[in-house]
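Written below as C-alpha cells is the structure these notes are about.
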Amino acid sequence: LFLDDDIGMRETDFIDRHVENYQNEKIGLVGGRVIDKMHKQSPSREVGRLKYWGLKEITNFDADFKTKIDHAPGGNFSCYKDIYQSVGGFSELYIGNAYREETDFCLRVKKAGYKLIFEPKAVIKHLQYGGGGCREKDIYEFRYWLTHNLTLFYLRNYPRILFPVFYL
C-alpha cells in the first residue's frame, strides 16, 4: 500500500476496500479516492486516464464510482509485492520532484497484463502540507525536474518517433 506522508483518513475499513478488489486475479493494482482542499468533483466520467500518447492526463481521483484506470493517484494505491518486484518497482531514474514516477510504474503493471481499478471506497484526505515529500522550493528547479521526468516518462512509455510532437 502506497500513501502520501500528508494524509488523513476516517474509514476503519480502508485497507479492506483495497484488498477486496484482488479477489479478481486479473487486477494488479488498485487506486483509491483522494479528496483534497480544493475538493470540487469533476463532472467527467473518466478517471486515471492517459490520452494522446500520454500528452493528456485525466486524474479526477475524487470520483465516486468504480472504473478501470491507466494510472493511479501516487498517494493512495496498492499492489501485490510480487507484481511490484516483477515489473521492477519504482524507477530510480525519476529524480528531483519524482513527477510521473507512479504513472510509469502503473503503465508497467498494465503492460505486464494486469488490470488497474479505481476504488472510490478506499478514500483518503490529502492535507497538502507546504513542505516535505518531493516538493521543490525553487520554481526553476521544479521546472527542470518536471521537464526531465516528463521527457524520461515519454521516452520509456511511448514510440520515440512521436517524441517531436511531445517536445512541441
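Looking at the chain, which longest stretch skips every one of the chymotrypsin sites (Phe, Trp or Tyr not before Pro) that is in a DSSP loop with at most 12 other Cβ atoms within 10 Å, leaving the sites themselves out?
Between exposed loop sites, the widest span is 66-128.
Antiparallel DSSP bridges in the stretch 11-129: what percent, to the nearest 5?
45
Percentage of Cα-Cα pair distances in the stretch 5-99 greater than 24 Å, rounded to whole percent?
So the portion of pairs separated by more than 24 Å is 27 percent.
What is the gain in length, in nm to one decimal, between residue 144 and residue 49 on full extension, counting 0.36 nm per residue of separation less the C-alpha to C-alpha distance?
31.7 nm
Given the protein chains as shown and a 1.4 Å probe, how many square angstrom of residue 161 are accessible, to the nearest 10?
150
Taking 32 Å as the cut-off for C-alpha to C-alpha distance, list the pairs among 37/115; 115/137; 66/137; 37/68 that go past it.
115/137; 66/137
Below 15 angstrom from the Cβ of residue 165, what's the summed charge of the other residues (Lys, Arg +1; Asp, Glu -1)?
Surrounding charge for residue 165 is +3.
Quick check: net charge around residue 9, other residues with Cβ under 15 Å of its Cβ, Lys/Arg +1 and Asp/Glu -1?
With Lys, Arg at +1 and Asp, Glu at -1, the neighbours total -4.
Report the longest stretch of the chain that contains none of the GluC sites (Glu not before Pro) sitting in a DSSP loop with at most 16 other Cβ atoms within 10 Å.
47-91
Taking square-rooted eigenvalues a ≥ b ≥ c of the alpha carbon gyration tensor, is the stretch 62-160 rounded, prolate or oblate, where a/c under 1.5 means rounded and, failing that, a/b exceeding b/c means prolate?
Verdict is oblate for the stretch 62-160.
Bins of 5 Å, beginning at zero and ending with the bin holding the largest distance: percent of Cα pairs per bin for the chain, please.
1, 8, 17, 20, 21, 17, 10, 4, 1, 0
Residue 91: net charge of surrounding residues, Cβ under 12 Å, Lys/Arg +1, Asp/Glu -1, itself excluded?
-1
For the chain, calculate the relative contact order in percent as a whole number, restricting contacts to Cα pairs under 8 Å that are 6 or more residues apart.
That works out to 33 percent.
The values are calculated or read from the model by the stated rules, or taken from the named source; none is laboratory data. Bear in mind the structure is a predicted one, so any value in this text is a computation, not a measurement. We place every Cβ from the backbone using ideal geometry, glycine too, and count neighbours over all the protein chains shown. Only protein heavy atoms, including side chains, enter the accessible area calculation; ligands, DNA and RNA are left aside. Shrake-Rupley method; radii C 1.70, N 1.55, O 1.52, S 1.80 Å.
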